[in-house]
Amino acid sequence: MADEGSQAPVSTRVLTVPNVLSTLRLVAVPFFLWAIIAEHDVLALVLLMLSGLTDYLDGKIARAYGLESRLGQLLDPVADRLYIASTLVGLAWRDILPWWVVVVLFAREAFMAVVVLVAQRHGWLGLPVHFAGKAATFNLLYAFPLLLLADGDSTLARIAEPVGWGFAWWGIVLYWLSGILYAVQLQRLLAHERAVPA
């Protein structure tokens with residue numbers, strides 16, 4: 001969701017380096033999903049690492065050079081969610097991840113869709129981004145490659161499995177916690193709106 005609480009000016013520019021990086025991340029999503037399902041794990045890991053690198057760089061460059069834009073605020077979280085969704089489906093398809101994890105995380109997305117719709121009905125384009133949401137995404141994007149590495153009988157796989165599940169559990173909890181915090185923020189905004197005389 002867009003960071004409406006940011007004090008930095010946000011432009012309407014489209015062709016910027018951060019937006020190009022975010023677009024490249026989006027374009028790579030179907031190739032990433034295919035790599036997981038087809039069990040091309042090295043390619044999948046490389047694409048996931050490149051996604052994480054470009055995610056870091058687009059934010060860093062945007063803040064450092066004043067290139068934050070409305071399009072970038074849209075593309076970045078969409079790319080994050082698509083990578084999470086693609087990884088969930090791919091790992092569950094291969095029985096690396098149980099389907100209940102997919103259901104729990106997709107249910108959170110459905111919950112957030114309702115929160116966003118209510119916010120938009122009241123004229124808010126987004127709610128302030130908070131640490132829990134960023135931490136949840138961080139944990140999940142670390143959990144998935146580790147769980148992919150854990151699909152095997154090697155020593156590396158045995159080490160990766162508990163670490164990957166540790167990140168996964170933290171990510172799941174924080175993902176739902178961030179959703180609840182967004183709902184609380186929305187409730188407070190609605191209460192404030194009702195309290196202010198028309």
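Taking the C-alpha atoms only, the angle from helix 70-93 to the longest principal axis of the chain is near 30 degrees.
Normalise the Cα radius of gyration of the chain by 2.2 N^0.38 Å (N = residues in it) and let me know the number.
Details: Rg = 18.1 Å, N = 198, 2.2 N^0.38 = 16.4 Å.
Output field value: 1.10.
Given Cα pairs under 8 Å that are at least 6 residues apart, what percent is the relative contact order of region 75-153?
Once divided by the residue count of region 75-153, the mean separation gives 35 percent.
Here the alpha carbons of region 114-197 define both size measures, Rg and Dmax, at 18.2, 66 Å.
The residues of region 137-184 expose on average 51 square angstrom of accessible surface per residue, using a 1.4 Å probe on protein heavy atoms. The fraction of accessible area contributed by carbon and sulfur in the chain is 70 percent, rounded to a whole number (1.4 Å probe; ligands and nucleic acids excluded).
Could you state the accessible area per residue of region 33-91 in Å², with a 1.4 Å probe and every protein chain left in place?
On the way: 2960 Å² over 59 residues.
Per residue, region 33-91 has an accessible area of 50 Å².
Distance from the Cα centroid of region 166-181 to that of region 58-106 is 14 Å (rounded to whole angstrom). Ranked from largest to smallest solvent-accessible area, with a 1.4 Å probe on the protein heavy atoms, L117, L140, L177 come out as L117, L177, L140.
For region 10-51, what D do you get in µm² per second when you plug the Kirkwood radius from alpha-carbon pairs into Stokes-Einstein at 25 °C and 0.890 mPa s?
This corresponds to a translational diffusion coefficient of 217 µm²/s.
The chymotrypsin sites (Phe, Trp or Tyr not before Pro) of region 28-70 that DSSP puts in a loop, and whose beta carbon has at most 13 other beta carbons within 10 Å, are Y65.
For region 43-98, compute the orientation-averaged projected area of the C-alpha convex hull (one quarter of its surface), in nm². Working shown, then result.
Numbers: hull surface 17.0 nm².
With every direction weighted equally, the projected area is 4.2 nm².
A full extension of the chain between H40 and Y56 corresponds to an added length of 3.3 nm, given 0.36 nm per residue minus the alpha carbon distance. Derived scalar couplings between HN and Hα for region 157-174 equal 5, 5, 6, 5, 4, x, 5, x, 5, x, 4, 5, 5, 4, x, 4, 4, 5 Hz in order, rounded to whole Hz, by the Karplus curve 6.51 cos²θ - 1.76 cosθ + 1.60 (θ = phi - 60°), x for Gly and Pro. Short-range pairs are left out: with C-alpha atoms under 8 Å and at least six residues apart, the relative contact order of the chain is 25 percent. If the Kirkwood radius is taken over C-alpha pairs of region 65-154, then at 20 °C and 1.002 mPa s the Stokes-Einstein diffusion coefficient equals 142 µm²/s. Amide H contacts of S69: S11, each under 5 Å away and 5 or more positions distant or on a separate chain (H built 1.01 Å from N in the peptide plane; Pro and chain starts excluded).
The values are calculated or read from the model by the stated rules, or taken from the named source; none is laboratory data. Note that the coordinates shown come from a computational prediction; the quantities given were computed from them, not determined experimentally. A quick note on method: Cβ atoms are made from the backbone with ideal geometry, for glycine too, and the neighbour counts reach across all protein chains shown. Side chains included, ligands, DNA and RNA excluded: accessible areas come from the protein's heavy atoms. Shrake-Rupley method; radii C 1.70, N 1.55, O 1.52, S 1.80 Å.
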